[in-house]
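The values are calculated or read from the model by the stated rules, or taken from the named source; none is laboratory data. Quick caveat: nothing in here was measured; it's all calculated off a predicted structure. Positions of Cβ are generated from backbone atoms using ideal geometry, with glycine treated the same way; all protein chains shown enter the neighbour counts. The area values use the complete protein model at the heavy-atom level, side chains included, leaving out ligands, DNA and RNA. Shrake-Rupley method; radii C 1.70, N 1.55, O 1.52, S 1.80 Å.
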Amino acid sequence: MSILFKNDTGWFISHLAHLKSIYRGDLDDSALTNLEKLFDISSPFAKVTETSLKKKRKRKGENSDNHEPTSLEEIEFIRKKSNKFLEELKVADMFSMRLESASQENNAEAQEVAKNMLRLFKSPNCKFNGGNSNESNVTAMCHQNLCIFPPKCRFFNSDIREMDYELLEKEGRFNAILMDPPWWNKYIRRKRKKCTVESYDMLYNEELLKFPMNRFLDEAGVVLIWCTNAPSHILELSKVLLPAWNLEHIATWYWLKVTKSGDPVCPFSEPCQKQPFERIIIASRSQDLKSKFAALDKRLILSVPSAIHSHKPPLIDILKDFLPESPRCLEIFARYLLPGWTSVGNEVLRLQCSPSFDTDKEKTQV
């Protein structure tokens, strides 16, 4: 169970607890220690230097639409709501005390573990699919990677632009579809040239529009889309993508990333700067779901993030209150697998294959 605390403001969840609950019986102590180090975000990340800020201001002129959140009012709203929630969590003793040490400077150890995990993944240059129909985890060799597969999962390693949708269609329609699109961004594109370890192929909005949502979403289903704070992406979702998919925007949730001691991982800033939160746009055609989610609009999800870039926390336990028993769930642009879910992405096994998942159990071929 990933939910540690919940109230009318939102949920405090643990990504680490979620992973341990799935894999504890299959990982040795050293592997569990690696996972704990990955989430050892003990202090806010280093502040942006003045030189970096000057570069950002220069870029703002050419690409400001890709960086600015919607408004100062929204930032202030989230900041105040977060501060109140954090105080309640501290009263409930949900955080540890902050201890200063050289190894924790800019969360160096966590970032080193993340770098090693990503570096050792051998990305397959082909399309393939597989899964685990068992009620327990299965360890296997898959395209030169040692992987551990959670129960009842199914996956398709494919770019959605080249996906065999007829093959996916055999999985049936889904009660929930979760998407974390690699939104187009000029700055990330430039940064990507310098470092390929964490890079991914970005997608133009026009390409995302081609995803055949109507073929896979149940009429009473819900879609959750991770979205950047860029107004261009938010506008594209509300004015183009959702109408094309015959969906209505019914709620927005915010993910606030905090340290183990309960501090935001970076300060709430001016619109052109990095924020400690991301958003989830929720959409549906169902009037029943519309009323359920509308009552929970503007809720917060707080968690300690991993040191891996764009490693989103699991929403599986939060969604249980909105979905049928034994729901059919699909994740698009997935980089790790969830029990009982179908996952699609061109790096769908990236975070299933790592030193953290090393095991002495017999290795099979998927």
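Out of all the residues in the range 291-314, which are closer than 17 Å to PHE77 by Cβ and either of a type in the set (Lys, Arg) or crowded, with 21+ Cβ neighbours inside 10 Å (or both)?
So in the range 291-314, the residues closer than 17 Å to PHE77 by Cβ come out as 296-302.
Selection gives LYS298, ARG299, ILE301, LEU302.
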Is at least one residue of the range 237-257 hydroxyl-bearing (Ser, Thr, Tyr) and over 21 Å from TRP11 (Cα atoms)? yes
So, in the range 111-137, of the ones that are aliphatic (A, V, I, L, M) and more than 18 Å from the chain's Cα centre (by Cα), which residue ends up modelled with the highest pLDDT? VAL113
For the range 92-99, does any single residue satisfy the condition of being exposed (fewer than 13 other Cβ atoms within 10 Å of the Cβ), aliphatic (A, V, I, L, M) and either at pLDDT below 70 or on the phi > 0 side of the Ramachandran plot (or both)? yes
Of all residues in the range 138-157, which are under 22 Å from the mean Cα position of the chain (by Cα) and either of a type in the set (A, V, I, L, M, F, W, C) or open to solvent by 10 Å² or more (accessible area, probe 1.4 Å) (or both)? CYS147, ILE148, PHE149, PRO151, LYS152, CYS153, ARG154, PHE155, PHE156
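Take ARG59 and decide whether it is of a type in the set (Lys, Arg), open to solvent by 70 Å² or more (accessible area, probe 1.4 Å) and modelled with pLDDT under 75.
no
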With criteria (1) at pLDDT 95 or above; (2) buried (at least 17 other Cβ atoms within 10 Å of the Cβ), LYS84 comes up short on (2)
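Scan the range 317-334 residue by residue and report those that are in a loop (DSSP other than H, G, I, E, B), over 19 Å from SER21 (Cα atoms) and not hydrophobic (A, V, I, L, M, F, W, C). Explain how you work it out, then say what you get.
Start the filter on the range 317-334 by keeping residues that are in a loop (DSSP other than H, G, I, E, B), which leaves 323-328, 333-334.
Of the ones still in play, those that are also over 19 Å from SER21 (Cα atoms) are 323-325, 327-328, 333-334.
Hits for the range 317-334 are PRO324, GLU325, PRO327, ARG328.
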Return yes or no: is ASP288 without any contact (Cβ under 8 Å) to a residue 40 or more places away in the chain, farther than 30 Å from ASN116 by Cα and open to solvent by 50 Å² or more (accessible area, probe 1.4 Å)? no
Residues of the range 214-240 being part of a helix (DSSP H, G or I), modelled with pLDDT under 95, open to solvent by less than 10 Å² (accessible area, probe 1.4 Å) and under 15 Å from ILE332 (Cβ atoms), in sequence order, are LEU237
Checking the structure you have, find out if any residue of the range 246-253 is loosely packed, with under 15 Cβ neighbours inside 10 Å and assigned to a loop (DSSP other than H, G, I, E, B). yes
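Out of all the residues in the range 277-290, is one or more assigned to a loop (DSSP other than H, G, I, E, B) and closer than 30 Å to PHE95 by Cβ? Write out each step before concluding.
We begin by selecting, within the range 277-290, every residue assigned to a loop (DSSP other than H, G, I, E, B); these are 285-286.
Applying the additional criterion that residues be closer than 30 Å to PHE95 by Cβ yields none.
No - not one qualifying residue is present in the range 277-290.
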Within the range 264-276, restricting to residues that are in contact with a strand residue (DSSP E or B) (Cβ under 9 Å, 6 or more places away or on another chain) and either in a helix (DSSP H, G or I) or of a type in the set (A, V, I, L, M, F, W, C) (or both), the one that is most open to solvent (accessible area, probe 1.4 Å) is PHE268
Which fully enclosed helices (runs of 4 or more DSSP H) of the range 163-212 have 3 or more residues being more than 19 Å from GLU347 (Cβ to Cβ), open to solvent by less than 60 Å² (accessible area, probe 1.4 Å) and modelled with pLDDT of 60 or more? none
